[in-house]
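Undergrad: One structure follows; several queries about it will come next.
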Amino acid sequence: MSETPPIRIATRSSRLALWQAHHVQQLLSAAAPSTTIEIVHVSTIGDRDKSEPLSSLGEFGVFTREVQKVVLEGDADIAVHSLKDLPTETVAGLTLGAIPPRGAVHDALLLPASRRGGGLDDLPDGAVVGTGSMRRRAQLLHQRPDLKFAEARGNVETRLRKLDEGEFDALILAAAGLMRLELAERIDCELQPPVMLPAIGQGALGIECRSDDVVAQELLAKINDSATQMAATAERSLLHELRGGCHAPIAAATSLQNDQLELTAVVLSSDGQQRLMATATGEAAAALGIAVAGDLRAQGADALITAAEF
Ligand SMILES: NCc1[nH]cc(CCC(=O)O)c1CC(=O)O
């Protein structure tokens, strides 16, 4: 018999989302051994509708809204999200209670199983890269204006199958997801800054609970990682300040040394021709994000972000 009522984790049902929910379950069990942690599966429109490009499935939060709703309605107590999928706009009644230690932050290039080896520079002229992400497309085009793109919808396993079946010459995925699914051996080349900066919050998890749920908040505080939280706060305040959604050509990289956080961010035109870059260092994470956003805005970021939305 456990002494406290169980804590229910709401999660999407993809293999990656379930890995992440089980990971949080383990972190919580270690932090609070007397609490039973259960998992509640939620199906989201982002998972169900595989026909539409992701960018057309309504504004923000196709992967997070329905999981949040289950927590708001009291059918679960906490929601586990990939932080990069969680809009910076807060939802009334919910609090970001924990950001656990971050996984791999960078993106990876994958080649078909029959043509392994090589990196971005080795792709043939006009090669087709599978990615629907404006952030990834614009950064790749900045480096390789000849590249072509194809939508790569579906979960990680589906995208890999499409790659191996020849739908595209290369595929870009977050290394974190591949590592969590034990598919890291499929990585042909790691894409690092300054060629490819990751998405805001990439590789991190964001865990929400109801704002009035003191029990869940106390529990989540135990698995928060302050270094990851600082980096994520800087990145998310930058994105919020630029009013960029998850589809905007905005990318950022952070590093932390002796409490000094360094934030570098880029904003690109959708064709990759223009790339604005700004860097700043500081201790106050939110202020740092706002400062870097201000620098980018002074360079003309707003026009690029607006133009990319159409
Ligand atoms: N938008 C889909 C998504 N959301 C989180 C991850 C992987 C884990 C992460 O980046 O934190 C992925 C897949 C991908 O971008 O390759």
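The values are calculated or read from the model by the stated rules, or taken from the named source; none is laboratory data. Small disclaimer: the values here were computed from a predicted structure and weren't measured. Here the Cβ positions follow ideal geometry from the backbone for every residue, glycine too, while neighbour counts run over all protein chains shown.
Undergrad: If we keep just the residues of the range 66-99 that are hydroxyl-bearing (Ser, Thr, Tyr) and over 15 Å from Gln20 (Cβ atoms), which is nearest to the ligand (Cβ to nearest atom)? Can you show your working first?
TA: Looking only at the range 66-99, we keep the residues that are hydroxyl-bearing (Ser, Thr, Tyr), and these are 82, 88, 90, 95.
Keeping just the survivors that are over 15 Å from Gln20 (Cβ atoms) gives 88, 90, 95.
Values: Thr88: 15, Thr90: 19, Thr95: 20 Å.
Checking each candidate, the answer is Thr88.
Undergrad: Can you tell which of Arg137, Arg161 is of a type outside the set (Gly, Ala, Ser), away from the ligand (no atom under 11 Å from the Cβ), modelled with pLDDT of 95 or more and surrounded by 19 or more Cβ atoms within 10 Å (Cβ to Cβ)?
TA: Numbers: Arg161 fails: surrounded by 19 or more Cβ atoms within 10 Å (Cβ to Cβ).
Among Arg137, Arg161, only Arg137 is of a type outside the set (Gly, Ala, Ser), away from the ligand (no atom under 11 Å from the Cβ), modelled with pLDDT of 95 or more and surrounded by 19 or more Cβ atoms within 10 Å (Cβ to Cβ).
Undergrad: If Thr306 passes every condition in (1) surrounded by fewer than 21 Cβ atoms within 10 Å (Cβ to Cβ); (2) at pLDDT 95 or above but one, which one does it miss?
TA: Just one mismatch for Thr306, condition (2).
Undergrad: Could you grab the pairs with beta carbons closer than 6 Å, sequence gap of 6+ or different chains, first residue in the range 169-183 and under 10 Å from Asp107 (Cβ atoms), second one within 8 Å of the ligand (Cβ to nearest atom) and not in a helix (DSSP H, G or I)?
TA: Ile172/Asp107; Ala174/Asp107; Ala174/Gln202; Ala176/Gly103; Ala176/Gly203
Undergrad: In the range 182-194, which residue that is part of a loop (DSSP other than H, G, I, E, B) and away from the ligand (no atom under 13 Å from the Cβ) is farthest from the chain's Cα centre (by Cα)? I'd like the intermediate steps shown before the answer.
TA: Step one: filter the range 182-194 for residues part of a loop (DSSP other than H, G, I, E, B), giving 182-183, 187-188, 192-194.
Now narrow it down to the ones that are away from the ligand (no atom under 13 Å from the Cβ): 182, 188, 192-194.
Values: Glu182: 18, Asp188: 21, Gln192: 16, Pro193: 16, Pro194: 18 Å.
This residue is Asp188.
Undergrad: Quick one: would you say Met179 is more than 11 Å from the ligand (Cβ to nearest atom) and surrounded by 15 or more Cβ atoms within 10 Å (Cβ to Cβ)?
TA: The answer is no for Met179.
Undergrad: I've got another one for you. Where in the range 199-287 are there strands (runs of 3 or more DSSP E), lying fully within it, with 3 or more residues that are of a type in the set (Asp, Glu), within 15 Å of Arg136 (Cα to Cα) and within 16 Å of the ligand (Cβ to nearest atom)? Walk me through how you get there before you give the answer.
TA: Numbers: elements: 205-210, 250-257, 260-268, 275-282.
By residue number, no strands (runs of 3 or more DSSP E) qualify.
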